[in-house]
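Structure, as structure tokens:
The values are calculated or read from the model by the stated rules, or taken from the named source; none is laboratory data. Since this is a predicted model, take the numbers as computed values, not measurements. Quick reminder, even Gly has a Cβ in these numbers, built from the backbone with ideal geometry, and neighbours come from all protein chains shown. What goes into the accessible areas is simple: the full protein's heavy atoms, side chains included, and nothing from ligands, DNA or RNA. Shrake-Rupley method; radii C 1.70, N 1.55, O 1.52, S 1.80 Å.
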Amino acid sequence: MLEENLSRMSPNSYLSGNNKNARHILRRWSNLKLSVAVSLGISLCCLLVYCSLCSSPFSTTTKLLLSPEEDPELVRVLRSTAFATAGRRSKSTVILTMINKAWVERGSIVDVFLEGFSVGDGTQELVKHLVIVALDQKAYERCQEIHPHCYALTTPGVNFTGDATFMTQEYLLVVWRRIDFLGSVLRLGYNFVSTDADIVWFRNPFPRFHEDADFQVSCDMHLGDDSNRDNLPNTGFTFVRSNPRTVRFYQHWYRSKDRFPGEHDQDVFNRIKFDDDDAAIGGLKMRFLDTAYFGGFCEPVKDLNVACTMHANCCVGLDTKVHDLRNLLRDWKRFSALPPESRNGVSFDWTGYSPPFRCRA
């Protein structure tokens, strides 16, 4: 109808007979066509933006109201990435890491993290079972660019886009959101390895996990006995088997944040790990992973021939972590290039150019 009216207003119909208003009408007609074109363009742009927002999991009302275990998208991504681990207690297992905008900038933590899987010993296959959990829209968009398995973990009214500085309110919200989410994964029946993104994977860690343990956690400092609860754990790397004991434990762990307000998940874990009398802890088979295999900048792996992972713990600041983790990968590549007979006794040079360098400063 609009085009029909415009055609009726064709300036040629007014130009006959030396109509003195022809030029004026022509200008009005031209301006009208321009206005219509601009209006249509603006409307189309608005429609595209609206559709983009509608498709974003971080702006969809239904998504925001769902708990993770009610979300069909989480069920789908877990099913598509899960694999069966070896052993008599084998169940579907996934690998999970959590990121926000600050950790996905190009050349930042997530790129180093994924590079580790690409150059590790037997880790290339494991990356197919990795789910990157994004805490904000930017992290989700970047994940979709670099990895096939992404999940948007929404939190109504919370902005997780910045670098969550240790022990700030934002940091506490992030770590407790993770514990709540991991509990949902257990309730859905999946074992998981939860790994911070500032951890480099050198080897497949599953052969080093304890067959009889429900809950296994890395350490900042290991006292030589994997069963000793006096070990100083680091909850940035855990392997947890889904069963009634671990489901109860994660529910208890998450609720315990209200008993110890202002403390992060690791400190609360250190408080509750001795509570054998508590029904949520009693019977839980807990093991603390040896830093000889699962090291960090707090207590580094000494022998590259057995190293599974290295964590940029005892280190503050994304730029600092990235710098030292890249040095770590460089040394690993040099080690991997050595002939097998030359690898015996090779370790990281912790006092020279190798990491931790800036982290130690």
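Provide Rg and Dmax in Å for segment 185-271, with only Cα atoms included in the calculation.
Calculated on Cα positions, Rg and Dmax stand at 13.4, 38 Å.
Rounded to whole Å, give me the distance from the Cα center of segment 177-212 to that of segment 122-141.
If we compute the Cα centre of each part, the gap is 13 Å.
Could you check the spin-label model distance between Met221 and Gln266? Points 7 Å from the Cα along Cα→Cβ, value in nm.
The modelled label-to-label distance comes out at 1.3 nm.
How big is Rg to Rh over segment 276-318, alpha-carbon atoms, Rh as the Kirkwood inverse-mean-distance radius?
Values: Rg = 14.9 Å, Rh = 12.4 Å.
Across segment 276-318, the Cα-based Rg/Rh ratio is 1.20.
Counting alpha carbon pairs within less than 8 Å and at least 6 residues apart, what relative contact order, in whole percent, applies to segment 248-321?
For segment 248-321, the relative contact order is 19 percent.
Val119 versus Val306, label points 7 Å from Cα toward the beta carbon: distance in nm?
2.4
Let me check something: with ligands and nucleic acids excluded, how do Met221, Met286, Met98 order by accessible area (1.4 Å probe), largest to smallest?
Numbers: Met221 80, Met286 5, Met98 35 Å².
The ordering from most to least exposed comes out as Met221, Met98, Met286.
Where the eigenvalues come from the Cα gyration tensor of segment 76-144, what are the semi-axes √(5λ) of the equivalent ellipsoid, largest first, in whole Å?
Each semi-axis is the square root of five times an eigenvalue, giving 24, 15, 8 Å.
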